[in-house]
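A short worksheet on the structure shown next.
Where a number appears in this text, it was derived from the coordinates with a stated rule and is not lab data. Because the structure is a prediction, the values reported are computed rather than measured. In this analysis, Cβ positions are derived from the backbone assuming ideal geometry, glycine residues included, and neighbour counts consider all displayed protein chains.
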Ligand SMILES: Cc1cc2nc3c(=O)[nH]c(=O)nc-3n(C[C@H](O)[C@H](O)[C@H](O)COP(=O)(O)O)c2cc1C
């Protein structure tokens, strides 16, 4: 059964014991981030709950964090699947998207705030890296734009700094689908219409931060994930549609030919991301449900919600490309969360010929150009979710002189602090290109047997475990 909105999903999480209500009064400008950080740092991933801050000082709107990516179990609940079937679920949704259906009325328009009444400052937007971020940031926007010529829709998540009651600055990376739409409006010398959704059916969120092939509507991917078309309503002041049961929708225009300083912002690399010259959104209208819930993602140092949800979504998109499009014998794909789910990519495969590991690495770089500054392929017997096994394979199944290759002039991870000094802007060309390293850590010849006792001896010991005094 698909979720109808954010609230029904919160009810499911609470039923499973995966939602923690925090009734203590909290300050949105430091305390929400600090509590979320301690939860992510101190509670093991499998036990981490989503957080519902019910009492935000100065506001009567609650804030939720970790609702898509508190843990892998929570993410799988969004996807209504299990960890083992996660990649197949992504593959199916991208292969068989279901376009949204337009309905006349939507709960998201229970309240319509126009003109002076459309005030961003009425919402409890947190400050995340107190003392370093320049102000409050919306971290979980689902930003909807359309191509002016084809009407093709894009949904993506881009950090948005509150710059005033009706003004936002939004950083959209160079290769993002959303950027292409905005630039297409600018080429016509027009402001780009935008709708920014905060909180709705969680499948829209995971689709917004994932990378389906360019041109594929993420709302249709969300439909594929939920197995049913997502109901959408028309916005009030821009020609766009938004999920009908969204909590909050900010409608606006991205000012043509205008960029403003935005950032720095505490990023998923674990460092402060540099200052950027970013798009400016002039808010034309805010609509919201009665008693809205404000959703936010925790970013910054891994582990974080940002790293978890980007990683699992991008792994799904890579899986679809390598397995379905290219029919490669892939067993698993893993973007290490400690690298912001971007820096190190590990693939396991049952290679059919000697050059196939290299081909898998090249295909991954072509599919997701930012990812895998270091990309490693190992044999199918290696559990790539276990770093010890990956390191073991790397140490003993690869020869640096033959199995390591460097490709120059590839897409950089622009937030990679080793690209350029901190003071170099996000827009600087120095941040755009980087070398990438591929390592084939699969066996290339006959290896000696592994040095372990016979399997039956180990099984005997396990069956008589208590007799050994354990
Ligand atoms: C919490 C979070 C924050 C993000 N912030 C940004 C951002 O500020 N700018 C950006 O370009 N991408 C950001 N991303 C990554 C994009 O959402 C992601 O690459 C998405 O696939 C882009 O969609 P698009 O290619 O359809 O535009 C963020 C992702 C997450 C999970």
Going 7 Å from the Cα of residue 353 toward and past its Cβ, which residues in region 292-326 have a backbone nitrogen under 20 Å from where you end up? 322-326
Based on the alpha-carbon gyration tensor of region 43-150 and its eigenvalue square roots a ≥ b ≥ c, which shape applies: rounded if a/c is under 1.5, prolate if not and a/b is larger than b/c, or oblate? oblate
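Kirkwood Rh, Cα Rg: Rg to Rh for region 326-441?
My calculation of the ratio gives 0.99.
Express the C-alpha Rg of the chain as a ratio against the empirical globular expectation 2.2 N^0.38 Å, rounded to two decimals. All intermediate terms of the calculation are to be shown ahead of the outcome.
Working: Rg = 23.1 Å, N = 470, 2.2 N^0.38 = 22.8 Å.
In units of the 2.2 N^0.38 Å rule of thumb, it is 1.01.
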In whole Å, how far is the Cα centre of region 3-28 from that of region 105-168? 22
FRET efficiency, residue 465 to residue 167 (Cβ-Cβ, R0 41 Å, nearest 0.05): 0.05
For region 70-120, evaluate the Debye formula with one uniform point scatterer on each Cα (no solvent term) and list log10 I(q)/I(0) at q = 0.22, 0.27 Å⁻¹, rounded to two decimals. -0.83, -1.00
As I understand it, the value is the acute angle between the Cα axis of helix 387-397 and the longest principal axis of the Cα atoms of the chain; what does it come to in degrees, rounded to 10? 50
Antiparallel bridge percentage (DSSP; both residues within the chain; nearest 5): 75
Under the 7 Å Cα-to-Cβ spin-label approximation, residue 11 and residue 175 lie apart by a distance in nanometres of 4.1
Only helical DSSP H runs with n ≥ 4 go in: add -39500 (n - 2.57) per run for the chain, normalise by residue count and round the 222 nm mean residue ellipticity to 500 deg cm²/dmol. -7500 deg cm²/dmol
Is region 225-290 best put as rounded, prolate or oblate by its Cα gyration tensor, with a ≥ b ≥ c the root eigenvalues, rounded for a/c under 1.5, and otherwise prolate when a/b is larger than b/c, oblate when not? oblate
Bin by bin, in steps of 5 Å, what percent of the Cα pairs in region 386-470 do you find, going until the bin that has the longest distance? 3, 11, 13, 11, 11, 12, 9, 8, 5, 6, 6, 4, 2, 0
Tilt of helix 356-367 relative to the longest C-alpha principal axis of the chain, in degrees (0 to 90, nearest 10)? 10
Relative contact order (%) - the chain, alpha-carbon pairs under 8 angstrom, separation at least six: 15
What is the angle, in °, between the Cα long axis of helix 86-95 and the longest principal axis of the Cα atoms in the chain? Nearest 10 is fine, range 0 to 90. 60
Calculate the all-directions average of the projected area of region 167-261's alpha-carbon convex hull, and give it in nm². 6.5
Kindly give the semi-axes, whole Å and largest first, of the ellipsoid equivalent to region 278-345, taking each as the square root of 5 times a Cα gyration tensor eigenvalue. 33, 17, 13
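Quick one: grab the alpha carbon gyration tensor of region 86-292, order the square roots of its eigenvalues as a ≥ b ≥ c, and give me rounded if a/c is under 1.5, else prolate or oblate depending on whether a/b is larger than b/c.
rounded
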Residue 41 versus residue 277: modelled label distance in nm, points set 7 Å from Cα along the beta carbon direction: 3.6
For region 331-371, take N as its residue count and report Rg(C-alpha) divided by 2.2 N^0.38 Å. 1.19
Of the listed peptides 30-38, 120-128, 240-248, 182-190, what is their order by residue-averaged count of other C-beta atoms within 10 Å, with the highest listed first? 240-248, 120-128, 30-38, 182-190
C-alpha center-to-center spacing [region 302-375, region 392-468] in angstrom: 12
